[in-house]
Amino acid sequence: MIPLYVINGIAYVWNSDDWYVLRTRHRICGALIGSAPSFPRQNDFLGLPMALLSEEATLLVEKGFCELYELPNVTRKPSKEEKEIVKSLEDKVLLEQIQELKRRKIEQLSQKIDIIVAGKKEKLLSKGITDTSILNKQVLLEEEINKMPKLAPIHALVHLPTEHNLSTEKKKVDINVLEHSPQGENNIKYLIFKNLWEKGFYITDGSKFGSDYLLYPGDPVKFHATYMVRCICDKDTTFLPTNMVTFGRLSVAVNKLAVLAYCNPFGSIEYQTLQWHDSVTL
C-alpha cells in the first residue's frame, strides 16, 4: 500500500519508487513540483514531491492502491534529542567526505609524484645544488598530503532527503480532508475522471488549455494529448454559445479535440465532441 501524505488538502508522493509504480502501473501522472537535485537552477525539469489532483488521490484510495496520511508533528519544533541525532548524522557525513577527499588526493598525488620530484630536482640544480639524493618520494608525498586544506563544513555536500528521514507520528485520514473532495459538483468531476481512467487514458490537469483534463493515449512523456475535456457539473447552468465557440477554437489552435463531459439524468457519463466543418455553400 503506497502512502500519500496530505498537507493543506493536497496529497503528495515523496518516494521515487512509489512515483514509478503510480506512473507505470496505475497511469497516474500528477505534477512534479520539486527541484531536481542535479539541475536546481531551472524550471523545465522538476523532481519530487509529486502533487496529486484530488481526483487522482480519491481514485487511488478507492481502488485500494494507496492510503492517505497526515503528519501532525512534522512541522513542530524538534526536541533536543532529535537535534543531537541530526547533528551526529551531519558530523558523520562530513567525516566520510573528508576521508574520501583525502583518499582521492593521495591517489592523484601518487600518480604525479615523479613530476613533483623532477620539478624539485630542477629547482635545486638551478640554485647550484647538485646533491639531489635528499629528495625522497615518500617524504615528499607526506609533505604534499600535509599541505592539503581541511574540508570546511560550508564546502561539504549536503544530503537533501526527499521524504521525512526520521520516525514521526502518522495519522490515517479519509478523502474528506482533500482540497476538492468528491462531493456535489466535485463528485461529478470525479466520476468523469474515473470513467476516463477506466477507459485506459493517461490524464493530466488541463487548466493551461482552458479545460479540466487533458487525455493522452500513452505516457505524456511519449505522446501529445489527443483530447481536452471540460466537465459540465451543473445541468441547470447555461452554456453560452460564445464560450462553446471559444473552447472549440482553442482546441483547433492546439491541435486537439474539444470534449464536453457530463452526467445524464440516469447517472451515466456521456461525452460530446465539438467538431468544425468546412464552409457551407448557401
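The values are calculated or read from the model by the stated rules, or taken from the named source; none is laboratory data. Given the structure is predicted, the values throughout are model-derived calculations rather than measurements. Neighbour counts are summed over all protein chains in view; Cβ atoms, including those assigned to glycine, are modelled from backbone coordinates with ideal geometry.
Brief remarks follow.
- Residue within the stretch 226-245 that is closer than 18 Å to residue 213 by Cβ, within 34 Å of the chain's Cα centre (by Cα) and exposed (fewer than 14 other Cβ atoms within 10 Å of the Cβ) present: no
- If the condition is being among the acidic types (Asp, Glu), at pLDDT below 80 and not assigned by TED's automatic domain parsing to the domain that holds residue 89, then the stretch 130-179 contributes only 163.
- Pick from the stretch 1-54, criterion of a type in the set (D, E, K, R) and surrounded by 15 or more Cβ atoms within 10 Å (Cβ to Cβ), ranking: nearest to residue 172 (Cα to Cα): 18
- Strands (runs of 3 or more DSSP E) lying entirely in the stretch 1-114 (those with 1 or more residues that are of a type in the set (Gly, Ala, Ser)): 10-13, 31-35, 46-52
- Summed over the stretch 116-173, residues that are assigned to a helix (DSSP H, G or I), within 30 Å of residue 74 (Cα to Cα) and in contact with an Asp or Glu (Cβ under 9 Å, 6 or more places away or on another chain) total 1.
- As for the stretch 142-155, it holds no residue that is within 29 Å of the chain's Cα centre (by Cα), surrounded by fewer than 14 Cβ atoms within 10 Å (Cβ to Cβ) and charged (D, E, K, R).
- Pairs are defined by a Cβ separation below 6 Å, a sequence spacing of at least 6 or placement on different chains, a first member in the stretch 82-95 that is in contact (Cβ under 8 Å) with a residue 12 or more places away in the chain, and a second member that is aliphatic (A, V, I, L, M) and surrounded by 13 or more Cβ atoms within 10 Å (Cβ to Cβ); the pairs so defined are 94/156.
- Selection of the stretch 188-225 for residues being loosely packed, with under 15 Cβ neighbours inside 10 Å, of a type outside the set (Gly, Ala, Ser) and not in a loop (DSSP other than H, G, I, E, B) yields 198, 208.
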